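Okay, structure first, notes after.
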Amino acid sequence: NAQSPLFVWRTVAMPKGVPPIRYRGARGFERPADFDEFWIRAKKQLAAVPMEPVIERVPDRDTSTGLLYKVTLRSVGDTKIVCWYFVPRDALDDQGQARRRCPAVIIMPGYGAEEPPIDRTTSGIATLSVNPRNHGPSRDYWKCPVEHLVWNIADPENFYYRLAFLDCLRAAEFLFERPEIDPKRVAAEGGSQGGLFALALAALEPRIACVCSNVTAFSAYADGIILGTLGHHKTYREILGRNDTTATLVRKSLAYTDGANMATRVRCPVQISMGGMDPVCHYMQGIVVYNRIPKGVPKEYHVAPNVPHAVPPEMREWNARWYRRWLGVQ
């Protein structure tokens, strides 16, 4: 006598004989005609803001193989962001000067979470944990008065994700300037919202060597708004369902920052990993992103069959293998 279903699950029905991996996505939120110009303009805005890095040692968080620094950088909109920078001890001499160049991974956070210091120096890898505005210690400089996924959503030039992408780009610019970093071996990584940031960073910064995007969120909106049952897709579905005078602008903001559209600009190897039981980011959305990556770019797509919205150890193993292949690390 149940009056409502015990659970809701949505999926995509493919034509007979067509494997799911060939799915390119539903219509809607297509890449805007001025997409490249939009992001060229955004990068010029960031370039006009001096970085003014403040680098502070955090010796109480050092490890046997790594040294930790707190890095504060200026970004667009008269704000600052905070990053945590772990460097292998043997990459620096006693005066803090570079003695060798090492590979690095830029790691970006899930929705609303702090990206804490992450130590991979036992593998000889430097890490830059980035906290875009409204995340972790960067909230000391910019705290959103509403859920940031809707901040200025009807204003494409000032939508939260446009600004946050530029925050991530500013962090990457800092890392590429470091004399102890090998600029040919810098990767971008993140899970959920961080998976979006990783794709966006590679789209905007051509020096990124490879990407690991796990349980990729905020991507393939035309599918996500139908398939997603929790989280940001539910919010955007409700906003667009009002069909008010701002709907066109909202769609533009989402299209300019959709991870599937950002993927069209990526030229480095990309690994997409999704959870087969994820109610927030459906695994078919990951396939859409995978198929938007330009032809000829090395790429992988994985599904962890029984995984919800999480990054389990098997995804970390896939990531590590990807870094061994493209960063040349052990």
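Structure above, values below:
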{"item": "Cβ-Cβ under 9 Å pairs, at least 6 apart or on other chains, region 142-169 side modelled with pLDDT of 95 or more and among the basic types (Lys, Arg), far side crowded, with 17+ Cβ neighbours inside 10 Å and in a helix (DSSP H, G or I)", "result": "Arg162/Phe38; Arg162/Trp39; Arg162/Ala42; Arg162/Ser253; Arg162/Tyr256; Arg162/Thr257"}
{"item": "Verdict on Val12 being in contact with a Lys or Arg (Cβ under 7 Å, 6 or more places away or on another chain) and among the β-branched types (Val, Ile, Thr)", "result": "no"}
{"item": "Near pairs, Cβ below 6 angstrom, 6+ apart or cross-chain, from region 303-330 (over 12 Å from Cys210 (Cβ atoms)) to any residue that is in a helix (DSSP H, G or I)", "result": "Val303/Tyr283; Ala304/Glu314"}
{"item": "Leading residue by the ranking (nearest to Gln330 (Cα to Cα)) among those in region 67-114 that are among the aromatic types (Phe, Trp, Tyr) and assigned to a strand (DSSP E or B)", "result": "Phe86"}
{"item": "Pair list, Cβ under 6 Å, 6 or more apart: region 245-269 residue at pLDDT below 95, other residue outside any helix (DSSP H, G or I) and surrounded by fewer than 23 Cβ atoms within 10 Å (Cβ to Cβ)", "result": "Thr246/Ala154"}
{"item": "Complete set of residues in region 130-174 that are farther than 24 Å from Tyr236 by Cα, assigned to a loop (DSSP other than H, G, I, E, B) and among the acidic types (Asp, Glu)", "result": "none"}
{"item": "Residue that is farthest from Met262 (Cα to Cα) [pool: residues in region 10-43 that are in contact (Cβ under 8 Å) with a residue 60 or more places away in the chain and among the hydrophobic types (A, V, I, L, M, F, W, C)]", "result": "Val12"}
{"item": "Failed item in (1) over 20 Å from Pro103 (Cα atoms); (2) hydrophobic (A, V, I, L, M, F, W, C); (3) in contact with a Leu (Cβ under 9 Å, 6 or more places away or on another chain), with Val71 passing the rest", "result": "(1)"}
{"item": "The listed residue being surrounded by 19 or more Cβ atoms within 10 Å (Cβ to Cβ), not in a helix (DSSP H, G or I) and not hydroxyl-bearing (Ser, Thr, Tyr), out of Gln271, Gln285", "result": "Gln271"}
{"item": "Residue satisfying condition, being within 17 Å of Tyr160 (Cα to Cα), surrounded by 14 or more Cβ atoms within 10 Å (Cβ to Cβ), at pLDDT 95 or above and among the small types (Gly, Ala, Ser), within set Ala91, Ala42", "result": "Ala42"}
{"item": "Cross-chain or 6+ apart pairs with Cβ under 7 Å, region 62-89 first and within 19 Å of Val186 (Cβ to Cβ), then part of a strand (DSSP E or B) and basic (Lys, Arg)", "result": "Tyr69/Arg57; Leu73/Lys80; Trp84/Lys70"}
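The values are calculated or read from the model by the stated rules, or taken from the named source; none is laboratory data. Everything quoted here is computed from the prediction, not taken from an experiment. Neighbour counts are summed over all protein chains in view; Cβ atoms, including those assigned to glycine, are modelled from backbone coordinates with ideal geometry.
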